[in-house]
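One structure is given here, and the rest of the page talks about it.
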Amino acid sequence: MKEPSITVIGSINMDLVTTSERIPEQGETIMGESFFYNPGGKGANQAVACARLGAQVNMLGCVGDDPFGQILIDNLSKEKVNIDNVEPVTDEHTGVATILIKDNDNRIIVTPGANYSITPSYLQQYLDVIDESDVVLLQLEIPLNTIEYVIGYCSEKGIPVILNPAPAQRLSAFVLEHCTYLTPNETEKLEISDDIDTYKEKMIVTLGEKGVEYCSEDNLKTVTGYRVTPVDTTGAGDTFNGALAVQLAKGTHLKEAITFANAAAALSIQKRGAQQGMPTMREVIEFLEGAPSS
């Protein structure tokens, strides 16, 4: 059986993380405790999640022509993500997320940079890649007109699209009508539209440790979560979306696909780092064989 083919269209960022005893006030300078940087961006994170689970993954995205861009491309390649179509943009910096952490409280500023060069005209070069996809996976860290273009194209071609509406913003009726699935969390669900009930059959709503809510045959159903001790919840949503995409690309029934994705997300939060904590297929299968649900 061939590996599922997934195209991820989205952001590639470098996360710049500073920890301190407290967050500085306006105009104040304080001393930090530690600094580190990690590959990130919801697009790149979800691509790595898919690849770790055995999918053939094509990444469509942009980085700056700078050292961060090369590091991020090399990292995706190391994770066995196809980076042939990731373009360096000479007049933009690589996207960065500046993260300040005090205890478990964080404040984040995302500066898109080259991610906003992912335009419809950029994607028109790679329609053959999209055409070969079993599933296309999107997030909202790239321009909305690009999201609409991809969803419209895939709808015409009959290619399933999973849209992870994060960071949350209002979505057009066109996007809501033409994407196959939306995967908001409880907060994002309320922000993307005032008319969610119309699209409830498309909604797969993540509820953290409480599991996932979805609709089947007009009935609201819940797939329960797993009892685990979290170490770092960063990247759990990206792991869930990547795992869900892999299973749906294989033709797995929706309930079983959600159960699998739940397990992958539960595993991911037991390790530090977004991409570093993402599990392999073998790890998820072993977890499913022995894990109690909540």
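The values are calculated or read from the model by the stated rules, or taken from the named source; none is laboratory data. Predicted model, so just to flag it, every value in this text is computed and none were measured. Quick reminder, even Gly has a Cβ in these numbers, built from the backbone with ideal geometry, and neighbours come from all protein chains shown. Protein only, heavy atoms only, side chains kept; ligands, DNA and RNA dropped before computing areas. Shrake-Rupley method; radii C 1.70, N 1.55, O 1.52, S 1.80 Å.
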With all protein chains in place and a 1.4 Å probe, Y181 shows an accessible area in Å² (nearest 10) of 50
Long-range share for the chain, i.e. C-alpha pairs more than 33 Å apart as a percent of all pairs, stands at 19
accessible surface per residue for region 108-239, probe 1.4 Å, DNA/RNA/ligands not counted, whole Å² -> 47
In terms of the charge dipole of region 113-251, which places +1 on Lys and Arg and -1 on Asp and Glu at the beta carbon, the residue among Y126, T239, N115 farthest towards the positive end is T239
Expressed in square angstrom to the nearest 10, the accessible area of F35 with a 1.4 Å probe stands at 120
Here the net charge surrounding T206, from other residues whose Cβ is less than 12 Å away from its Cβ (Lys, Arg +1; Asp, Glu -1), is -3
Toy charge model, Lys and Arg Cβ at +1, Asp and Glu Cβ at -1: region 194-294 dipole around Cα centroid in debye, rounded to 20, equals 380
Cβ-Cβ cut-off under 13 Å around S193, Lys and Arg +1, Asp and Glu -1: the net charge is -2
Under the helix-only model (-39500 (n - 2.57) for each DSSP H run of 4 or more, divided by the residues of the chain), the mean residue ellipticity at 222 nm, to 500 deg cm²/dmol, is -9500 deg cm²/dmol
The farthest towards the positive end of the charge dipole of the chain, of the residues V81, S155, G290, given +1 on Cβ of Lys and Arg and -1 on Cβ of Asp and Glu, is G290
Bridge orientation stat for region 135-294 from DSSP, antiparallel percent rounded to 5, came to 55
The answer for D15, listing residues at least 5 apart or on another chain whose modeled amide H is closer than 5 Å to its amide H, is N38, G40, A97
At 20 °C and 1.002 mPa s, the Stokes-Einstein diffusion coefficient in µm²/s for region 1-138, with hydrodynamic radius from the Kirkwood sum on alpha carbon pairs, is 134
The size of the Cβ-based charge dipole (Lys, Arg +1; Asp, Glu -1) of the chain about the Cα centre, to the nearest 20 debye, is 740
Nearest-0.05 FRET efficiency for I109 and D218 at R0 = 51 Å, using Cβ-Cβ distance, is 0.75
By accessible area (1.4 Å), largest first, Y37, Y126 order as Y37, Y126
Filtered hits (lysines, Cα-Cα < 23 Å from K42, offset >= 8 within chain) -> K78, K80, K102, K189, K202, K210, K250, K271
Under the 7 Å Cα-to-Cβ spin-label approximation, T98 and R22 lie apart by a distance in nanometres of 2.1
Rounded to whole angstroms and listed largest first, the alpha-carbon spread of region 220-294 along its three principal axes comes to 31, 24, 24
Taking every DSSP bridge whose two residues both lie in the chain, the antiparallel percent to the nearest 5 is 45
Taking R0 as 25 Å and r as the Cβ-Cβ distance between E286 and K2, the FRET efficiency 1/(1 + (r/R0)^6), rounded to the nearest 0.05, comes to 0.60
